[in-house]
Each structure stands twice: as structure tokens, then as C-alpha cells.
Amino acid sequence: MTAFKDCALAFRFSVIERLPEPPSPYAAKGTLVHRALELLMWQEEPPDRTRGAALRKLAVAVPEVLDSDEYRGLCLSDKERSDFVDDAVSLIDNYFMIEDPNDVRVLGTELRMSAQLGSLRLSGIIDRLELDGDELVVTDYKTGRAPGANFEQSKLGGVHFYAFLCSEVLGRRPDRVQLLHLREPLVISTVPSEQSVIALRRQAGALWSAVVMACDREDFRPKPGRLCSYCSYRDYCPAVGGDLALLEASAARAGSTARASGPDARL
Ligand code: SF4
């Protein structure tokens, strides 16, 4: 959703050109911990959602994730794999410092939702939907560092997106959306309002218009900043000394037709 705003050129590389990205250990860690917690919630009933049960789910999830086609390319040595899993264990331990999973009345996990906004189809995955008393709550697990105070508001944009999806698909706005930052650990929680959902609709529409205009003008500008350190497309990006000509060579090699097909509406 915010990728175009973060950097239009990186958005072009990812969504328009569909350049492959090398597997990310950060994404793999997130997938692994999400999967372990998903198994814990679905395969165990209270009061059996214990730390021991969570670690057994993690053990199941490790080969499922790290030996998958998506992440096999990480090529972790035995030591690196062991450190990787140890870090996932510490994230699970932190999770138990934030909440008792036996108190969670789960309605669904990893819920794929899509909603139409004019000609735009918006899709997202909700990590966990639950009831807290009569309140409908959306929970999102985060395994990276929590945003600093300056970036907290922008990250909450994603929260309002979840609220928008629930409103459209379930016909009910969540009473609360919470981000469980497992690294710190820390909970960032907010109460979406009718106004915040309306604002999300307006922003998404404006963003989509900007994407369409950028496509028409073939004008995707780089936006150098802190995200450049993690960017997979540095080799192509002139803003950090890369060469856009490499893109043509890469597209020719791949016989890419993606560019002609225009942007993917899943922001
Ligand atoms: S390196 Fe930075 S400026 Fe260049 S595409 Fe990536 S995020 Fe954008």
C-alpha cells in the first residue's frame, strides 16, 4: 500500500517490471514465526497454548519454511540455521510476554481479504481476527523493529487498511487493531473510526491515480532514504550509483512482458 509513496522507482522495479528479489532472511523469519503462532492458535485449545506447545509448532514450521522453494535460496549453513531458529525462539518467548494465547478467542488466522475501490481491487492478509468480549479485534504480528515515534503514524496506515478490509468484507469495522511487535516486545494499538476508514479510501484512490499517472508518463522517481539500505534493486537505481540499463538487459533475458501489462492493483 505504501510502496509507491516510499519510493516510486522501487515500486516500478517490484510491481511493474516484476524483477525477482533475492530471498530475504527478514521475510523468512517473519513467515516462520507467523506460521508457528498460526499452528498454535488452530491446533491447540486453551489451556494448552503453552510455550512448550508453541516451540513444538515452531519445530514443525522450520522445515516447512526454510526448505521451501521461496527460502531455500538463503543457503544457510548449519550454524546460521541454528542461530536463525534461536532468534525465532526468542521472538516466541517475547510473544508470551505480550499476551496469554489462552485468552484469545480466535475467529480466523491468515485471512486473505479483497475489496473493490472503484476500478481498484485492494487485497491484504489479516494475521489474526478475534473477539475480545464483544469487540472485534484485528491483530498483526511484527517481527522487525518497531517504528520510532516519527514513523509510528505512517505504519498505522496499514492498521487503517485492515479496518477498511474488514468493513468492506465483513460489514463491520473492527473495534481495535493491534500490532504485536515481538522484537521489543511492544503492542501498538488503535481504534479505527468511520473517518479513518473514509480517509483510507480517499488516500488509496489518490495513490492509485498517482500510479496510473506515473505509468502514463513513465515517470517513477527514486526517493533515496533509509529504505535504500534494504532495497533489492540498488544495482538498477541511479540514485545510489546503479545503472538503469541493467534493467533492459534483465528484461530481455527474462523475455519479460510484465511491463506492457501495467501495474498490479494489489498495492
Ligand atoms: S535504492 Fe533507494 S532510491 Fe533506489 S530504488 Fe531502492 S529505495 Fe528507491
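No value in this document is a laboratory result; all are computed from the given coordinates. These figures come from a predicted structure and were not determined experimentally. Neighbour counts run over all protein chains shown; Cβ positions are idealised from the backbone, glycine included.
The charge dipole of the chain, taken about its Cα centre with unit charges on the Cβ atoms of Lys, Arg (+1), Asp and Glu (-1) only, comes to about 840 debye. Taking a threshold of 23 Å on the Cα-Cα distance, which of the pairs Lys29/Lys57; Lys79/Lys142; Lys5/Lys29; Lys57/Lys142 fall above it? Those over the limit are Lys79/Lys142; Lys5/Lys29. For a label point 7 Å from the Cα of Ala206 along Cα→C-beta, name the residues of region 10-46 whose backbone N is under 13 Å from it. No residue passes the distance filter.
Computed over the chain with a Gaussian network model linking Cα atoms closer than 10 Å, the most mobile of Ala27, Ala249, Ala204 is Ala249. Between Leu131 and Ile198, the contour length at 0.36 nm per residue exceeds the Cα-Cα span by 21.7 nm. In a fully extended conformation the segment linking Lys223 and Met97 would gain 41.6 nm over its present Cα-Cα distance, using 0.36 nm per residue.
Using only helices, what value at 222 nm comes out for the chain when you add -39,500 (n - 2.57) per DSSP H run of length 4 or more and divide by the total residues, to the nearest 500 deg cm²/dmol? Mean residue ellipticity at 222 nm (helix-derived): -14500 deg cm²/dmol. Residues within the reach of a label modelled at Asp6 (point 7 angstrom out along Cα to beta-carbon, backbone nitrogen below 18 Å), restricted to region 105-137, are 123-127. Axis of helix 149-170 versus longest Cα principal axis of the chain: the two differ by about 80°, to the nearest ten degrees.
If R0 is 35 Å, the Cβ-Cβ spacing of Asp67 and Leu117 corresponds to a FRET efficiency of close to 0.40. In terms of other Cβ atoms within 10 Å, Leu182, Leu170 run from fewest to most in the order Leu170, Leu182. Applying 0.36 nm per residue to the separation of Tyr230 and Leu170 and subtracting their alpha-carbon distance, the gain on full extension is 18.1 nm. Toward the positive end of the charge dipole of the chain, with +1 on the Cβ of Lys and Arg and -1 on the Cβ of Asp and Glu, the farthest Cα among Ser196, Trp208, Leu37 is that of Trp208. With a cut-off of 14 Å between beta carbons, the residues surrounding Tyr71 carry a summed charge of -2, where Lys and Arg count +1 and Asp and Glu -1. Using only Cα atoms and rounding to the nearest 10 degrees, what angle (0 to 90) does helix 194-217 make with the longest principal axis of the chain? Once rounded, the angle reads 30 degrees. For the Cα atoms of the chain, what angle does the longest principal axis make with the long axis of helix 78-98, in degrees from 0 to 90, nearest 10? Tilt relative to the chain: about 60 degrees. Using the Cβ-Cβ distance between Ala249 and Glu21 with R0 set to 22 Å, the FRET efficiency from 1/(1 + (r/R0)^6) comes to roughly 0.80.
Picking from Thr143, Ser68, Cys237, whose Cα lies most toward the positive end of the charge dipole for the chain (charges on Cβ: Lys, Arg +1; Asp, Glu -1)? Most positive-ward Cα: Cys237.
Near Leu136, once Lys and Arg are set to +1 and Asp and Glu to -1 for all other residues with Cβ below 9 Å from its Cβ, the sum equals -2.
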